[in-house]
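Note sheet for the following structure.
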Amino acid sequence: MNLVKLTIDNKPVVVEQGTTILEAAKSIGIKIPSLCYMKMDDMNFENKPGGCRVCVVEVEGRRNLAPACKTECLEGMVVKTHTVRVINARRTVMELILSDHPAECLTCAKSGECELQDLAQNLGIREIHYTGEQSHYKGDRSPAIIREMDKCIMCRRCETACNEVQTVGVLSAVNRGFESVVAPAFEMDLDHSVCTYCGQCVAVCPTGALTERDYTWKVIEALVDPNKTVVVQTAPAVRAALGESFGMEPGTLVTGKMVAALRKLGFDYVFDTDFAADLTIMEEGTEFLDRLTRHLNGDKSVKLPILTSCCPGWVKFFEHQFPEMIDIPSTAKSPQQMFGAIAKSYFAKKLDKKREDLVVVSVMPCLAKKYECTREEFSVNGDADVNVSVTTRELAQLIRNANIDFASLTDEEFDQPLGESTGAGVIFGTTGGVIEAAVRSAYELHTGKHLEKVEFNELRGMEGSRKATVDFDGMKLNIGIAHGLGNARKLLEDVKSGKSDFHAIEIMACPGGCIGGGGQPYHHGNVDILKKRQRAIYEEDAGKPIRKSHENPFIQELYKEFLGKPLSDLSHELLHTHYFDRKKKVEIEE
Amino acid sequence: MAKVKIPDNKVQELKDICKSFNNDPGELINVLHQAQQLFGYLPAEVQEIVADEMNVSVAHVYGVVTFYSFFSMLPKGKHPISICMGTACYVRGAEKVLDEFKRRLDVKVGETTPDGKFSLSCLRCVGACGLAPVVTIGERVYGRVSPDDVKKILDEY
Ligand code: SF4
Ligand code: SF4
Ligand code: SF4
Ligand code: FES
């Protein structure tokens, strides 16, 4: 390892060769402003096109200012980050960017979270000395994502997320010069593309060019309708991040406050997607054991590995990209959809109501869930099992709207019966969690033995793709885990070419799993935030009295009273689904 | 954009072009060049096949096609009109001539009239500066064109 010594703003610093000035400065507490640049270690995300030039600094002996995000440190360099020349250059660059940006901050969905806005404030821009034509592009409203490309600053972060991290390849810079914009092929709408709605482009966009489709108003309408019973479910990852929207430390668990807030908002029943996660384990786990047993007995018609199917972003990905493999994923629906199906059958019956009288709202860390609940197979006679899906960010908005002082709320408990969950349900929120939950139950159901230690540390972590072997009482099970669709693609290609010997694979579309979902409070590239959310999820699990899905008493009751047993006819009807070959569906607009 | 059906034998030819460049994504521009020679233009369907063969995203192919002005996504008209925009032609009023063609044909640069008869494009200097401003239609060259000549020229076709 070669070290180089330099000074930045008269402070000496020693860094590894190859370090950029931006990173070196950061290490000694100097925060050089940046805009297009974004880097997330562990997530395979690095965007440094060097395009915006907001990060310029003066390097002694060089005629031109250097972009700090792209310039590597050299021995003896003398760097100045805030000379008059630098500040002027930075302001000019910023004013030029702003001269082609709509000044709509007051009503922009990104306001308060926008990096462009922050930067303009930090630089103290009060006037724009350049006027010129502003570029206009057609807007795009998909069920999950809104593209308002007039607000795009061409940082290309979304391209990096979509193409390099997720390898979906929906977005590319198109056209030239003033007309250039990031868009899907043929500038068609996302809806017609192979977009998975993972929302990772939204998660990294510095401006309001990419945002979620906001359904908060639909929720408010349902809540004020006297003829509707409004039921809400909250995904595991929401409780580990919602606090951030109210200024709390990342990783603060706010389960109890979240329940209290939802009740204050007027939901008739505050339930938990974690309950449905436990249910998913019952169905998916049983399906896995069934396939495994038949496989071990030499039945050639069963395929292994089984792939998890609880992430709709991942589901859409394999439908487009690996349609020849649509018979390997589990047929179990996602927890969101299982919840909807049970709420509108079992629970509606308990209330003695028709399914149409119920409105099911889901709070998700996710944009793909907005799309998922619109899929036709998830409704009955036009009535969707899940009517509205909002993100963690939208829930925060609803809470603020209702004048609730979130931080001062007293913890409350979920309602029953669909609010009870185990630690296994909670860990669905992080990469590795679904498979750990499955292993906890499958172990006991398969071996008939009691599992002493429920934590499987070998399945935990943040590496993009992991392998582990779990001992099932003498039988070795090979487990694969991937988060981020690029990592999933690699695992899948190995399965396709027969190179892998996995029995089961867990896949989550978002880096980190749902804790890093496209609907979570913005992380602005800080991976530590994801790690803290992950810790919070495991902390919640550890604190639960019951930690195996099959021991959830309300799940047991649901099977006894209603479903019969896992994979029963009724379970199949309500809790399982089928997939579509979407390869041919890439349409070209007429 | 209307759907274009590409005959099977042409699809095969296109795939062969990709193969002749070892399906190497680094050769995308060259592949697109040859594809344009084969089809005369690069409709969406051609771009999709190229993307598939070269193992890159369609969005990326489209990005390249729209970045370089020598690629076109529209079929050329029966009589392709080109107007020289080199310096000599420009200073002698080529832009006014161009505007007149645009007005009469009601198309933009790079477009083709709905009946498929004319398409309109601009060229860099064609080396006939003595004749500026220069317009070519198919193989024919017209020199010292003024906006008033446009109607007469079009009427020849
Ligand atoms: S939602 Fe995901 S797949 Fe769709 S464009 Fe954004 S990053 Fe790509
Ligand atoms: S849409 Fe957002 S992330 Fe993508 S290039 Fe524009 S500003 Fe950057
Ligand atoms: S990983 Fe979670 S948040 Fe991301 S798309 Fe899948 S289900 Fe949604
Ligand atoms: S942040 Fe360095 S060039 Fe944009």
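In whole percent, how big is the carbon plus sulfur part of the accessible area of the stretch B:8-67, probe 1.4 Å, protein atoms only? Write out the running numbers ahead of the final one.
Values: 1230 of 2740 Å².
The computed percentage sits at 45.
Keeping the other protein chains in place, figure out the carbon and sulfur percent of the accessible area of the stretch B:79-155, with a 1.4 Å probe. Don't jump to the answer; show the numbers that get you there.
Numbers: 2200 of 4370 Å².
Carbon and sulfur together cover 50 percent of it.
Are there cysteines in chain B with no other Cys C-beta under 4.7 Å, and if so, which?
B:18, B:122, B:125, B:129
Rounded to two decimal places and with Rh computed the Kirkwood way over Cα pairs, what is Rg over Rh for chain A?
Values: Rg = 25.0 Å, Rh = 25.2 Å.
We get a ratio of 0.99 for chain A.
Round to the nearest 0.05 the FRET efficiency obtained for residue A:225 and residue B:155 when R0 = 51 Å and r is the Cβ-Cβ distance. Let's see the in-between values first.
Numbers: r = 68 Å, r/R0 = 1.33.
In this case the efficiency is close to 0.15.
Over the Cα atoms of chain B, what Rg and Dmax result, in angstrom?
Using the Cα atoms of chain B, the pair Rg, Dmax is 17.7, 52 Å.
Report Rg/Rh for the stretch B:8-67, rounded to two decimals, where Rg is the Cα radius of gyration and Rh the Kirkwood radius.
0.90
Please report Rg over Rh for the stretch A:105-212, where both radii come from the alpha carbon positions and Rh follows the Kirkwood definition.
On the way: Rg = 14.2 Å, Rh = 14.6 Å.
With Rg and the Kirkwood Rh in hand, the quotient comes to 0.97.
Express in nm, to one decimal, how much length is gained between residue A:164 and residue A:325 on full extension, taking 0.36 nm for each residue of separation and deducting their alpha carbon distance.
On the way: separation 161, 0.36 × 161 = 57.96 nm, distance 2.27 nm.
Extra length from residue A:164 to residue A:325 when fully extended: 55.7 nm.
For chain A, report the accessible area per residue in Å² (1.4 Å probe, heavy atoms, rounded to an integer). It would help to have the intermediate numbers written out before the result.
Working: 23850 Å² over 590 residues.
Computed with neighbouring chains in place, this is 40 Å² per residue.
If the reach is capped at under 27 angstrom between alpha carbons, list the lysines near residue A:26, excluding any in the same chain fewer than eight residues apart.
Hits, sequence-local ones excluded: A:5, A:11, A:39, A:48, A:70, A:80, A:110, A:531, A:532.
Using the Kirkwood radius over Cα pairs, work out the Stokes-Einstein diffusion coefficient for the stretch A:1-110 at 37 °C and 0.692 mPa s, in µm²/s as a whole number.
Reported coefficient: 219 µm²/s.
Under 8 Å for C-alpha pairs, at least 6 residues apart: give me the relative contact order for chain A, rounded to a whole percent.
Values: 1168 pairs, mean separation 97.7, N = 590.
In percent, rounded to a whole number, it is 17.
Keeping the other protein chains in place, figure out the carbon and sulfur percent of the accessible area of the stretch A:462-507, with a 1.4 Å probe. Each step should come with its number before you reach the end.
Details: 830 of 1920 Å².
Ligands and nucleic acids excluded, carbon and sulfur give 43 percent.
What percent does the relative contact order of the stretch A:139-195 come to when contacts are Cα pairs within less than 8 Å and at least six residues apart? Can you show the working numbers first?
Working: 64 pairs, mean separation 17.2, N = 57.
It comes to 30 percent, rounded to a whole number.
Could you rank the peptides A:270-282, A:438-450 by their average count of other C-beta atoms within 10 Å per residue, with the highest value first? Don't skip to the answer; put the middle values down first.
Values: A:270-282: 29.4, A:438-450: 18.4.
Descending packing order for the listed peptides: A:270-282, A:438-450.
If the reach is capped at under 19 angstrom between alpha carbons, list the lysines near residue A:218, excluding any in the same chain fewer than eight residues apart.
By straight Cα distance, residue A:218 reaches A:228, A:264, A:344, A:369, A:370.
Take each of the peptides A:53-61, A:114-122, A:530-538, A:85-93, average the number of other beta-carbon atoms within 10 Å over its residues, and list them starting from the highest. Don't jump to the answer; show the numbers that get you there.
On the way: A:53-61: 20.0, A:114-122: 18.1, A:530-538: 23.1, A:85-93: 16.1.
Highest to lowest by the protection proxy: A:530-538, A:53-61, A:114-122, A:85-93.
Over the stretch B:79-155, give the accessible area per residue in Å² for a 1.4 Å probe, as an integer. Let's see the in-between values first.
Working: 4370 Å² over 77 residues.
It amounts to 57 Å² per residue over the stretch B:79-155.
What is the average number of partner chain Cβ atoms found within 10 Å of a Cβ in B:63-70?
Details: counts 10, 3, 4, 12, 7, 1, 1, 0.
Shielding by partners across B:63-70 averages 5.
How shielded is A:167-173 by partner chains, expressed as the average number of their Cβ atoms within 10 Å of its Cβ atoms?
Working: counts 1, 2, 7, 3, 4, 11, 6.
The per-residue average across the peptide is 5.
Can you give the log10 of the normalised intensity I(q)/I(0) at q = 0.25 Å⁻¹, computed with Debye over equal Cα scatterers of the stretch A:109-172?
Taken in order of the listed q values, log10 I(q)/I(0) reads -1.27.
What are the ³J(HN,Hα) values, in whole Hz, obtained from phi via the Karplus relation 6.51 cos²θ - 1.76 cosθ + 1.60 with θ = phi - 60°, for each residue of the stretch A:350-362 in sequence order, with x given for Gly and Pro?
Rounded to whole hertz, the list is 4, 7, 6, 10, 7, 4, 5, 7, 9, 10, 9, 10, 10.
Taking amide hydrogens as modeled 1.01 Å from N in the peptide plane, which residues meet the under 5 Å criterion relative to residue A:211, leaving out close sequence neighbours?
Excluding prolines and chain starts, which carry no amide H, the hits are A:146, A:148.
Under 5 Å between amide H atoms, partner at least 5 residues away or on a different chain: which partners does residue A:166 have, H built in plane at 1.01 Å?
Residues meeting the criterion, in which the H sits 1.01 Å from N, are A:486.
Mind checking which lysines have their Cα closer than 18 Å to the Cα of residue B:151? Skip sequence neighbours fewer than 8 apart in that chain.
Output for residue B:151: B:78, B:96, B:102, B:108, B:117.
Can you tell me how the stretch A:206-284 classifies by the Cα gyration tensor, rounded, prolate or oblate, using a/c under 1.5 as the rounded cut?
On the way: a/c = 1.42, a/b = 1.05, b/c = 1.36.
It comes out rounded by the Cα gyration axes.
Estimate for me the total accessible surface buried between chains A and B (protein heavy atoms, probe 1.4 Å, no ligands or nucleic acids), in Å² to the nearest 100. Let's see the in-between values first.
Working: alone 24580 and 9340 Å², together 32490 Å².
That pair of chains buries around 1400 Å² in total.
Can you compute the radius of gyration and Dmax for the stretch B:79-155, using only the Cα atoms, both in Å?
Cα radius of gyration and Dmax of the stretch B:79-155 are 11.2, 34 Å respectively.
The values are calculated or read from the model by the stated rules, or taken from the named source; none is laboratory data. Quantities reported herein were computed from a predicted structural model and do not represent experimental measurements. Every residue, glycine among them, receives a Cβ derived from its backbone with ideal geometry; neighbour counts consider all protein chains shown. The accessibility values were calculated without ligands, DNA or RNA, using every heavy atom of the protein model including side chains. Shrake-Rupley method; radii C 1.70, N 1.55, O 1.52, S 1.80 Å.
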